[in-house]
Amino acid sequence: MRDFHMPGRSAVYATNGMAATSHPLAAAAAIDILKSGGNAVDAAIAGAVLLGLCEPQMTGIGGDCFALISEPGKDVVSINGSGRAPAGASAARLREAGHETVPIGSADAVTIPGAMDAFDRMSARWGKLGLADSLAPAIRYMDEGVPVAPRVAFDWAAQIDTLQGAAREHFLTAGKAPAAGAPFSLPGQAEVLRRVAKDGARAFYEGEVAEDMLATLRGLGGVHTEEDFRAVEATFGDPIEGSYGGAELLEHAPNGQGATAILLLNILKKFDLARMDPWGTERAHIEAEATKLAYDARNRFLADPDHMTRLDHMLSQETADKLAGLIDPRRAQAAVTEISEAVHKDTIYITVVDKDRMAVSLIYSIFHGFGSGIASEKFGILFQNRGAGFSLKEGHPNEIAPGKRPMHTIIPAMLRENGAVSMPFGVMGGQYQSAGHARMVTNWRDFGLDPQDALDAPRSFAEGDTLQVERGYAGQVREELAEMGHKVVVPDGPIGGAQAIRIHENGTLEGASDPRKDGAALGY
């Protein structure tokens, strides 16, 4: 329970509906949609698309999304809105050019944006109001502009050099990043959304908008074609499942990294976390060692589902038991593998629950801060560089190839108890997300923290050869971890961000929003 002597956030309680995301205007837009008769899908699309303006360094219509949708009494459905490599993509060509990884700021890193098609299909299948109503808030704000939020301004200034060409005209003011409170608008994208509102996602993937995107990419050496854009199709499926502490964890199947979160929790089952100090050395060490092993499996096996053959291996408790046996409770091991794909830490997440208890868990990203840094000339559509998530290693299941989806770090999640979804949640922060899911689940299930307390709590993350430890940990903990062999660093910025909505059996909704972001949980 929150200590009211200390700075912090109170949980948000409501009964009719709840939205939680990383910017308050997006949360408010989602609530407005619910109040006007829309459902959780209508509201989640509205909030997500608006975040492309409110947090343009994190997401946008040139990116991808994944979602889980729960309706009471029905199976949870997963939506894969991730785009594919163009038909002309070639790992051999990039290797011959001397590249060991896909260049992050190049047209080769730009996969076809998948989110817009996913939003259209989600609206058609589940929405009550229609896509035009969901896009209306973003259209208005993109024309009028919004004040830049503090965390967004912090990120913007740090990532300004990513922007190139036309992107500098659309996303900078007189060549500089806007300060907190400065107005920012995207009128070109407002026009794109007006066309999509009228004619559906085909207005994005065909015609003048697609021609604008293709001209930019081809001008930079891209191999993208009209057919690549026309072929975009979001896919529907089933989530994958794990369990921990009496609850089921639902994750999006590959090409997202949700299997890594399940594997990590399966490893942690072999340790009695509940007896440990939640913010002490022992827990941070065990989680770091388990993370190294789980991410090693991810880096070797995870790929487009049509090319991945070891999913059962990753989800097996037997696999986790063997990996847990490799952990020395007193000594850090070296980083297990080098990550050959590009790393990132930028995305947005939104969760919405409506009065009928439909729940949406949706994550939406352009990969790196400002994606590839490339934007289309006329409409200012900023392209993701999700293709940098491919491997160039010959024969690797995640090797870039025509029409293939790359390994994605972004993953939505839900907890299910007694057969019903009890908490949609998500963690932002790129590579951190699988570890973040495990941290949130263990905070809730082992230590009994409320949703908001679990999000407020300090974090650590083993990435590469370092152990990042937030300033929320005591200095003694960092010293003890270093003595165990960890290369301890305090990260420049916070580790990730998160949102969650707890659906109580008595009908109350409890929203939580991470203070590491500008956002809020709002209900009515």
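Quick note: the coordinates plus some simple rules give every number you see, no bench work behind them. Fair warning: this is a prediction, and the values are worked out from it, not measured in the lab. Don't worry about glycine lacking a Cβ; one is built from the backbone with ideal geometry, like all the others, and counts go over all protein chains shown.
Brief remarks on what is shown
- Nonlocal amide H pairs with Lys128, under 5 Å, H built at 1.01 Å: Asn39, Asp42
- Over all Cα atoms in region 419-517, the spread is summed up by Rg and Dmax: 14.9, 48 Å.
- Based on alpha-carbon atoms, the Kirkwood radius and the radius of gyration of the chain give Rg/Rh equal to 0.94.
- Among Pro72, Pro56, Gly105 the positive-end extreme of the charge dipole of region 46-108 (Cβ point charges): Gly105
- The Rg/Rh ratio for region 387-463 is 1.10, where Rg is the radius of gyration of the alpha carbons and Rh is the Kirkwood radius.
- For peptides 321-334, 176-189, sequence by mean Cβ density within 10 Å, most packed first: 176-189, 321-334
- Cross-link partners of Lys198 among lysines (Cα-Cα below 19 Å; sequence separation of 8 or more within a chain): Lys128
- With the charge dipole of region 422-492 set up from +1 on Lys and Arg Cβ and -1 on Asp and Glu Cβ about the Cα centre, the Cα lying farthest toward the positive end among the listed residues Met423, Ala454, Met484 is that of Met423.
- The charge dipole of the chain, taken about its Cα centre with unit charges on the Cβ atoms of Lys, Arg (+1), Asp and Glu (-1) only, comes to about 300 debye.
- Unit Cα scatterers, Debye sum, region 189-278: log10 I(q)/I(0) for q = 0.12, 0.16 Å⁻¹: -0.65, -0.78
- Under 14 Å of direct C-alpha separation, and excluding same-chain neighbours fewer than eight residues apart, Lys269 reaches these aspartates and glutamates: Glu248, Glu287, Glu289, Glu318, Asp321, Asp446.
- Cα lying deepest toward the dipole's positive end in region 142-247, options Pro187, Trp156, Leu217, charges on Cβ: Trp156
- Under the Karplus curve 6.51 cos²θ - 1.76 cosθ + 1.60, θ = phi - 60°, whole-Hz ³J(HN,Hα) for region 53-58, x wherever Gly or Pro sits: 8, 5, 9, x, 6, 9
- Per-residue HN-Hα couplings for region 116-126 [Karplus 6.51, -1.76, 1.60; θ = phi - 60°; Hz; x = Gly/Pro]: 4, 5, 4, 4, 4, 5, 4, 4, 5, 7, 10
- Each Cα pair under 8 Å and six or more residues apart adds its separation to the average, and for the chain the resulting relative contact order is 27 percent.
- In this structure the amide hydrogen of Tyr244, modeled in the peptide plane, comes within under 5 Å of the amide hydrogens of Leu249, none closer than 5 places in sequence on its chain.
- The H on the amide N of Asp64, modeled in the peptide plane, is under 5 Å from the matching H of Gly114, Ala115, Ser365, each at least 5 residues off or on a different chain.
- The chain - share of DSSP beta bridges that are antiparallel (%, nearest 5): 95
- For region 413-429, 3J(HN,Hα) per residue [Karplus equation, 6.51 cos²θ - 1.76 cosθ + 1.60, θ = phi - 60°, Hz, x = Gly/Pro]: 8, 8, 9, 10, 10, 6, x, 10, 5, 10, 7, x, 7, x, 10, 8, x
- Region 1-100 shape via C-alpha gyration tensor axes, a/c threshold 1.5: prolate
- Its Cα gyration tensor gives region 78-136 an equivalent ellipsoid; the semi-axes, largest first and in whole Å, are 35, 11, 8.
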